[in-house]
Each structure stands twice: as C-alpha cells, then as structure tokens.
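Report on the following structure.
The values are calculated or read from the model by the stated rules, or taken from the named source; none is laboratory data. Because the structure is predicted, anything quoted here is derived from the model rather than measured. No Cβ is skipped: glycine too gets one built from the backbone with ideal geometry, and neighbour counts run over all protein chains shown. These area figures cover heavy atoms from the full protein model, side chains too; ligands, DNA and RNA do not enter into them. Shrake-Rupley method; radii C 1.70, N 1.55, O 1.52, S 1.80 Å.
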Amino acid sequence: MKASAAIRHLVEKVLYIKRLTPDLENQINAELTRMGYVSDVDYEALELLMDHMDRGLIQLVSNP
C-alpha cells in the first residue's frame, strides 16, 4: 500500500465496518505521526470520518 493512501484506506475500513476500534484508531494515529503532516486527501478522509462520528453513524468501541 502506498504511504500516501494509508490513512484514507484506514478511514475507508472504519466507514465500511461502521466502527472505530482502538486498533484502527492507533493505526491512524501511528500513520499521522510517521508522516508528520496531513495531506489534503487524508484531511478530507479524516473530516468525513469525524462527520460520520458526529452524526452517530460510526460506533466508537473499546473491543473489536
């Protein structure tokens, strides 16, 4: 997987399963830390994820 698509891919996975697990959240955070910046595409993906979470479409879970 290309590094530039990693965050978008992770967000797509969250949107598909409609759950944000600690593992997926940690993977997103690790990728953001590794990259050191947020590209426009990643920002839009994260913005979409937050919008879905705010509307209650994504469940935040403690265990998968």
Original post:
Considering only the stretch 18-63, how many residues are in contact (Cβ under 8 Å) with a residue 40 or more places away in the chain, in contact with a helix residue (DSSP H, G or I) (Cβ under 7 Å, 6 or more places away or on another chain) and surrounded by 12 or more Cβ atoms within 10 Å (Cβ to Cβ)?
Top reply: 2
Subject >> Residue list for the stretch 15-39, restricted to those being closer than 24 Å to L57 by Cα and charged (D, E, K, R) >> reply: K18, R19, D23, E25, E31
**OP:** Take the stretch 1-14 and flag every residue that is aliphatic (A, V, I, L, M) and either closer than 24 Å to Q59 by Cα or in a strand (DSSP E or B) (or both).
**Re:** A5, A6, I7, L10, V11, V14
Subject >> Selection within the stretch 8-17 - out of contact with any helix residue (DSSP H, G or I) (no Cβ under 6 Å at 6 or more places or on another chain) and open to solvent by 80 Å² or more (accessible area, probe 1.4 Å) >> reply: H9, E12, K13, Y16
